[in-house]
Structures are given as C-alpha cells and as structure tokens.
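A short worksheet on the structure shown next.
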Amino acid sequence: KVVVVGGTDFDFGTMKRGTERKHSFVFRNEGKAPLKVWVKNSTCKCTVGKVTTDYIQPGGESPVELSWKAEGLADDFAQTATIGTSDLSQEEVKLTITGKIGTNY
C-alpha cells in the first residue's frame with residue numbers, strides 16, 4: 001500500500017522569474033511486498049520527476065523529487081506529475097506543485 005507522507009500537494013510560494021526550486025515527496029510502502037514506483041508523465045517539461053529507487057521495501061520510504069523553473073508569462077502556476085505504482089488499489093499518484101512567479105524590478 002502506497003502512502004505519500006505529508007500529502008500530494010506542495011506550494012512553492014512566490015518565486016523569482018528564472019529561478020528553480022525542488023521538492024521531494026516521500027513515498028512510504030505500508031504493504032507486505034516490495035512496491036514498484038516510476039514516473040509516468042507530467043503536465044510540463046519544467047516539472048521533472050526523479051525516483052531514487054525502483055522498489056520500496058515493506059515499511060520503507062523513498063523520495064520522489066519534482067523541480068520547477070519559474071519561466072513563462074503567467075503569474076500563477078499549477079503543475080502535476082503522475083507516478084505509477086504497483087499498488088493495485090492506487091496504480092497512479094498525482095503530485096501537484098503550485099506557486100506564483102514574482103516580477104524582478
């Protein structure tokens with residue numbers, strides 16, 4: 001059974017245009033067998049999913065890192081990445097990052 005410690009949403013707050021931030025979502029395996037996790041897709045090339053291990057052992061945890069580079073014309077952003085899992089009750093986990101892009105003066 002897959003659990004995302006701390007939830008599946010993260011707010012970067014306000015970022016300066018042209019800067020990059022990263023956040024690691026922690027996946028925990030609360031099942032009795034190894035849990036496979038992998039990056040399926042994301043809504044933007046700016047959001048990069050990085051899985052540090054293919055399998056999480058029972059009771060174990062592993063980070064899944066998403067990064068965002070504040071570019072473009074929009075002031076607000078919301079992007080998602082889909083992580084595939086071998087948990088038959090939750091074969092996909094959608095991770096969401098949000099925030100605002102501030103203007104440099």
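The values are calculated or read from the model by the stated rules, or taken from the named source; none is laboratory data. Small disclaimer: the values here were computed from a predicted structure and weren't measured. Note: ideal-geometry Cβ built from the backbone for every residue, glycine included; neighbour counts use all protein chains shown. Side chains included, ligands, DNA and RNA excluded: accessible areas come from the protein's heavy atoms. Shrake-Rupley method; radii C 1.70, N 1.55, O 1.52, S 1.80 Å.
List the residues whose amide H sits under 5 Å from the amide H of S42, counting only those 5 or more places along or on another chain, with H placed 1.01 Å from N in the peptide plane.
T82
Net charge near N29: determine it from the other residues with C-beta under 14 Å of the C-beta of N29, scoring Lys and Arg +1 and Asp and Glu -1.
Overall, the nearby charge balance is 0.
Can you work out the accessible area per residue across the range 27-70, with the rest of the protein chains kept in place, probe 1.4 Å, in square angstrom?
57 Å²
Contact order normalised by length for the chain, with contacts defined as Cα pairs under 8 Å and 6 or more residues apart; what percent is it?
36 percent
Taking Rh as the Kirkwood radius, which is the inverse of the mean 1/r over Cα pairs, what is the Rg/Rh value for the chain?
1.04
For a protection proxy built on the mean count of beta-carbon atoms within 10 angstrom, sort 62-69, 31-38 highest first, please.
With the highest mean Cβ count within 10 Å placed first, the list reads 62-69, 31-38.
So if each residue of separation counts as 0.36 nm, and I subtract the Cα-Cα distance between S89 and R21, what length gain in nm does that give?
Full-extension gain reported as 21.3 nm.
Pairs K69/K94; K16/K36; K36/K100: which exceed 25 Å Cα-Cα?
K16/K36; K36/K100
Return the FRET efficiency for the residue pair A74, K32: r is the Cβ-Cβ distance, R0 is 41 Å, and the value is rounded to the nearest 0.05.
With R0 = 41 Å, the Cβ-Cβ based efficiency is 0.40.
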